Each structure stands twice: as structure tokens, then as C-alpha cells.
1. Let me spell it out: the conditions are (1) touching a Pro at 6+ places or on another chain (Cβ under 8 Å); (2) farther than 16 Å from Pro61 by Cβ, and Ala231 meets all of them except one. Which number is the exception?
2. Would you be able to say whether some residue in segment 292-303 is among the acidic types (Asp, Glu) and open to solvent by 10 Å² or more (accessible area, probe 1.4 Å)?
3. Name the residues in segment 233-246 that are acidic (Asp, Glu) and open to solvent by less than 40 Å² (accessible area, probe 1.4 Å), would you?
4. Which of the residues that make up segment 279-290 are open to solvent by less than 70 Å² (accessible area, probe 1.4 Å) and outside any helix (DSSP H, G or I)?
5. Mind listing just one residue for me: the one in segment 81-97 that is small (Gly, Ala, Ser) and part of a loop (DSSP other than H, G, I, E, B) and, of those, most open to solvent (accessible area, probe 1.4 Å)?
6. Mind listing just one residue for me: the one in segment 233-259 that is part of a loop (DSSP other than H, G, I, E, B) and over 20 Å from Ile124 (Cβ atoms) and, of those, modelled with the lowest pLDDT?
7. Among the residues of segment 238-256, which ones are among the hydrophobic types (A, V, I, L, M, F, W, C) and within 20 Å of Ser102 (Cα to Cα)?
8. Limited to segment 99-140, what total is found for residues that are more than 21 Å from Leu161 (Cα to Cα), small (Gly, Ala, Ser) and in a helix (DSSP H, G or I)?
Amino acid sequence: MTQKIYFLLLVFLSFSYNSYCQENHSKRSFTNNTIKTSDGVSLFAKISGKGDVCIFVHGGPGAWSESFEKLGGNILEDKLTMCYYDQRGCGKSTSPTDNNYSLDRMVDDIEDIRKNLNTSKVFIMGHSFGGILATEYARKYPQHIQGLILLNATLDINYSLRNQISFIGTIIGEYITVQNDSVLNSFFDAKKRLSKTDLNYKILSDDKASVEKVDSIDNGFKRNTSFAQHALKDPVYFKDFTKETSTIKVPTLIISGAKDNNIGPDHYLSFKFPNQDVKIIDGGHLLYYEKNQDFKNSVEQFVLKIRAK
């Protein structure tokens, strides 16, 4: 089962195809800044831009921040100080010696970053699987949140797996039974069938070239993948986090792709944040790249709305 879980982490919600003060709005750029967590893990972080701090939480589990930054995330830097960090056991970050990848620890890593940046409040943006970490941070540390941004985010991995299984069946023209006692086994079966075609890219986008562009960045560096080997051994990541959203009262922006078949185009309907705005963009899972201007406009309007309060 360990090998199957590792395979899942590589193909599921990742991008792959196969001391700074908030009040200081001057331009800042750091190519390689290591932030040490309270339990001694070195997190890679790149801080660039001007304005309020926004911490970007990448997907995966086991992806990294570089493809988001290079393929459009950096368009936000004229209004926000972006912090692109790689989660523990991911990308250019180191791994914990005790293999601690618990949800609480992953959330506390974000809090360690906020403290290191010496700012009282931040925007936090979670993409894909990163939505779970970002939402849990907002639940645990609401006093430090200016705004929560969920970009093509899942808050229920089981839901998104079921959506992918259904979508795969549609594009390959086969009915795939979902086993109620093992969604993972059904998912592995669906991926095996999909691998016999040249349509795997459609999980992320209708445009194969877009997915290949992301892959060219993700595969261009020998990344740490330790988190991908440990993450979903913890059943807490399979919780339905949508049930918590009604209790999280921070300002929230939900950006969803009308054709996001990785997460499920209707998944956002189960989000019940009391103070949420929803923006639907005609695109797939890579809105920050393929619909870059729409993505930028949505985020900047949300930020300006909060600043005006």
C-alpha cells in the first residue's frame, strides 16, 4: 500500500502531469531565504514584491512553489509581497528527522513563516491540496489573517478523488465503479486505464501544452519528495474540511475553475465560509497560468476590498 500511496501523491493534486514588515511597501526580492521552523526544519522561501504579505501554500501533497511563481503567480507582486515557500519535505526544503508531517505541524510551519516575516497579519493563498493547509491555518490563527484565498482548492480529498474517477470514465468512454470501502483502489484503477491513453493531461487542463510547460519546470530540478511519501498515511488529511468552513469567519476569496476536473468544478458549492466571495473563471486547474489576468484581477479586487475596510 505504501507504493500506491506514493503514486497517489505524485499524480493527485500536485502540479505535475506524469525579517520583513508588512507596513514596509518598498520592493523586496530574495532569491533564496531559508526559514528555520520551531522544530529545526529549514524551509526554502522566496520573498518578492511590495505591499501586504501573502503566503502561497502549494499543492501536492509533495509539489513545490516554483512553477506557480514562474508561470504567473509573480504577477501579484506589484500589489503584494509574495512569500513562495516549499513545505517541509518538498522542493528545496529539508525533511524533519522524525518524519513529522502532521496537519498541526504543517500549519505551525506557516505560523513560523509569519513570525519570521515580522508581520502581524497576512493573506494566505492555498492552491489545490494547499487549500487544506491554508484553511486550517485560518481556523487555528484567525487573528493573523487579513484574507484567505482558495485557488482551485480541495477541502475534501475523497470528493476530489471521486470526481477524478468519474471524469476519467467520461473521457475514456468506460464506466468505472467506485468502491465505497476503497476510493483509493478505484482511483488507482481509473489512473491505470487512463495511462493507456494520451489524455492524462486533461485532469489539469484541456491544453496539453500548458501541462507540459508546468512539467518542464517541475521536472527541471531534483526536488525533495519526502512529504509525498508520508503525507496521506495520516487519515486526518482525508477528513471533509468543508464541514469546518461555517466556523471560519475571516474574509475569504474562492477562485474556482469551471472546468477544473482535478478538484471538481462544483466542489466550491460545499464551502460555507460566512464571509466568502466566489469567483468562477472559465478554465481548469491552472488558472494562475492559463487565465492569468482574470486570476490577478480577482485577487487584487479582493485585496483592495479588504484594505478599504
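1. The number of the failed condition is (2).
2. For segment 292-303, residues among the acidic types (Asp, Glu) and open to solvent by 10 Å² or more (accessible area, probe 1.4 Å): present.
3. Glu244
4. The answer is Ile281, Gly283, Gly284, His285, Leu286.
5. If we take residues in segment 81-97 being small (Gly, Ala, Ser) and part of a loop (DSSP other than H, G, I, E, B), then Ser95 is most open to solvent (accessible area, probe 1.4 Å).
6. Ranking the candidates gives Asp234 first.
7. Phe238, Phe241, listed by residue number.
8. Residues meeting the conditions: 1.
The values are calculated or read from the model by the stated rules, or taken from the named source; none is laboratory data. Here the structure is a predicted model, which means the values were calculated and not measured. Every residue, glycine among them, receives a Cβ derived from its backbone with ideal geometry; neighbour counts consider all protein chains shown. Accessible surface is based on the protein model in full, side chains and every heavy atom, while ligands, DNA and RNA are left aside. Shrake-Rupley method; radii C 1.70, N 1.55, O 1.52, S 1.80 Å.
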